[in-house]
Amino acid sequence: MIELTRGVRETELAARVDAFIRETVIPYETDPRIGHHGPSDELAHELKGKAAALGLLSPHVGEAYGGHGLNHREIATVFRAAGYSMLGPIALNIMAPDEGNMALLEKVASEAQKDHFLRPLAAGKTRSAFFMTEPDGGAGSDPSMMKTTARLDGNHWVINGRKTLITGADGAAFGIIMAKTEEGATLFLADMPDAAIRIERVLDTIDRTMPGGHSVVMLDDLRVSADAVLGEVGQGFKYAQVRLAPARLTHCMRWWGAAKRAHDIAVDYACRRHAFGKPLVDHEGVGFMLADNEIDLKQAELMIDWCAWVLDNAGHGAGGPESSIAKVAVSEALFRIADRCVQVLGGTGVTDDTPVHQIFRDIRAFRIYDGPSEVHRWSIAKRIKREQKAG
């Protein structure tokens, strides 16, 4: 039987996170250091320092790396609380791509790699990037189209290729790079900055919550030593799923918190604002939208907790179909919530007077992060066909 009861540890930690977000983090939301390509590293380090002082930094990693060693169910409770401000995941050091990279390094990296890359990342001292997606003609939703290559030259690998939409590359201390070798796709660790890792441009996108933004990057004869291979040569696709399947769900957790924030703002506005002789909430058109928000929030919460339970208990946490189901259902439900909130707020909903319009923009982008809905639906449909054939 699926058990969704919340434990004392996660409940108490989530309450501490909630207080931290409301009292400390939300006042930073109008900080001028938040630019079009995300919060500055100066602001991010300031926020991380405040979280670290309260023992709230990187709660998802193991205790050996300064965290609380939470399981996925506990992570869901804590991450939802952190997501109530879009700066919350940055403050707690649980934002993509760093959170997913930490999880991957904990599972796959050698002890030497953990000391060099994971420890400073978990301590909030550095940022990282995950280099997989490529421009048109290369790997995207179909990783088998990988164009970036790595060839062995003595005791080094030489990597060449071009990547795009690489979150956080600008300012990252290291990157995890996927490239094609004779043995198959392989992951490599590379310190940054490096002259052979050239950021061509930082793209202008509708979201602005991730430090460093999203870059187009050229890898031009990048040389890394043989011990820079993450895991085993030729196992890159398998390791990518170790990272991406749980990361789809942690996206859902964080953005659930943001959608709840937008809903709370819309509820407050609808109860204060009057039109045609009564509060907006008393008009069916508005009240029903808020009711639908409540329904979507609860369904999304249950979907997240169900998938987290599966990851913790069902033995295929590296990528069962549940993560695709949750990614589609939750991302689309949260977008509906954000869209309704903009509508309830009317003109105010498209201004910077509240964070709602930015939540709307970021959640819209979330429907594409880690695979668009259409790709996940296609994956689910393929599984349905396989199961039908198997009888």
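On full extension of the chain, what length is gained from His36 through Glu284, given 0.36 nm per residue of separation minus the C-alpha to C-alpha distance?
Gain in length upon complete extension: 85.6 nm.
May I ask you to list the GluC sites (Glu not before Pro) in the range 116-220 that are in a DSSP loop and have at most 16 other Cβ atoms within 10 Å of their Cβ?
In loop regions of the range 116-220 (DSSP not H, G, I, E or B), the sparsely surrounded GluC sites (Glu not before Pro) are Glu182, Glu183.
How far, in degrees from 0 to 90, does helix 8-20 lean away from the longest principal axis of the Cα atoms of the chain, to the nearest 10?
70
Taking the Cα centre of the chain as the origin, how large is its charge dipole in debye, to the nearest 20, when only Lys and Arg (+1) and Asp and Glu (-1) carry charge on their Cβ atoms?
620
Between Met145 and Asn71, what length in nm is gained on full extension when 0.36 nm per residue of separation is reduced by their alpha carbon distance?
Net length gain for the segment: 23.3 nm.
If I model a spin label at His156 and Ala64 as a point 7 Å from the Cα along the Cα→Cβ vector, what separation in nanometres do I get?
Rounded to a tenth, the inter-label distance reads 3.1 nm.
Could you give the angle, 0 to 90 degrees to the nearest 10, between helix 356-366's Cα long axis and the longest principal axis of the Cα atoms of the chain?
Roughly 40 degrees, rounded to the nearest 10.
Over the chain, with a Gaussian network built from C-alpha contacts below 10 Å, which listed residue (Phe288, Phe188, Phe174) shows the highest mean-square fluctuation?
In this elastic network of the chain, the residue with the biggest mean-square fluctuation among Phe288, Phe188, Phe174 is Phe288.
Which number do you get for Rg(Cα) / (2.2 N^0.38 Å) in the chain?
0.99
How high is the relative contact order of the chain? Use alpha-carbon pairs under 8 Å, at least six apart in sequence, and give a whole percent.
16
Pop a pseudo-label 7 angstrom from the Cα along the beta-carbon direction at both Glu111 and Glu46 and give the gap in nm to one decimal.
Those two pseudo-labels are separated by 4.1 nm.
So how far, in whole Å, is the C-alpha centre of the range 169-234 from the one of the range 328-391?
Each part's Cα centre sits 27 Å from the other's.
Please work out the FRET efficiency for the pair Asp312 and Glu183, using the Cβ-Cβ distance as r and a Förster radius of 30 Å; give the result to the nearest 0.05.
0.40
In cubic angstrom, how much convex hull volume per residue do the alpha carbon atoms of the range 237-390 span?
115
So what is the calculated 222 nm ellipticity per residue for the chain, using -39500 (n - 2.57) for each DSSP H run with n of 4 or more, over all residues, to the nearest 500 deg cm²/dmol?
Calculated mean residue ellipticity at 222 nm is -15000 deg cm²/dmol.
I'd like the FRET efficiency for Asp268 and Gln299, computed as 1/(1 + (r/R0)^6) with the beta carbon distance as r and R0 of 22 Å, rounded to 0.05.
The formula returns an efficiency of 0.45 here.
Taking only the alpha carbons of the range 209-272, what extent do you get along each of the three principal axes, in Å, biggest first?
Taking max minus min along each principal axis of the Cα atoms, the range 209-272 gives 63, 25, 14 Å.
Could you give the nm distance between label points at Asp352 and Ala275, where each point is 7 Å from its Cα heading toward the beta carbon?
Roughly 2.6 nm, to one decimal.
Could you tell me how far the Cα centroid of the range 1-65 sits from the Cα centroid of the range 78-142, in Å?
One Cα centre to the other: 15 Å.
Of Lys125/Lys147; Lys48/Lys298; Lys114/Lys238; Lys327/Lys385; Lys48/Lys114, which ones are farther than 23 Å apart at the Cα?
Violating the 23 Å limit, Cα to Cα: Lys125/Lys147; Lys48/Lys298.
Could you tell me how many degrees, from 0 to 90 and to the nearest 10, lie between the Cα long axis of helix 236-272 and the main elongation axis, the longest principal axis, of the Cα atoms of the chain?
20
Every read-out reported here was derived from the displayed coordinates using simple, explicitly stated rules and does not represent laboratory data. If you're wondering where the values come from, they're calculated on a predicted model, not measured in any experiment. Because the Cβ atoms are built from the backbone with ideal geometry, glycine has one as well, and the counts that use them run over all protein chains shown.
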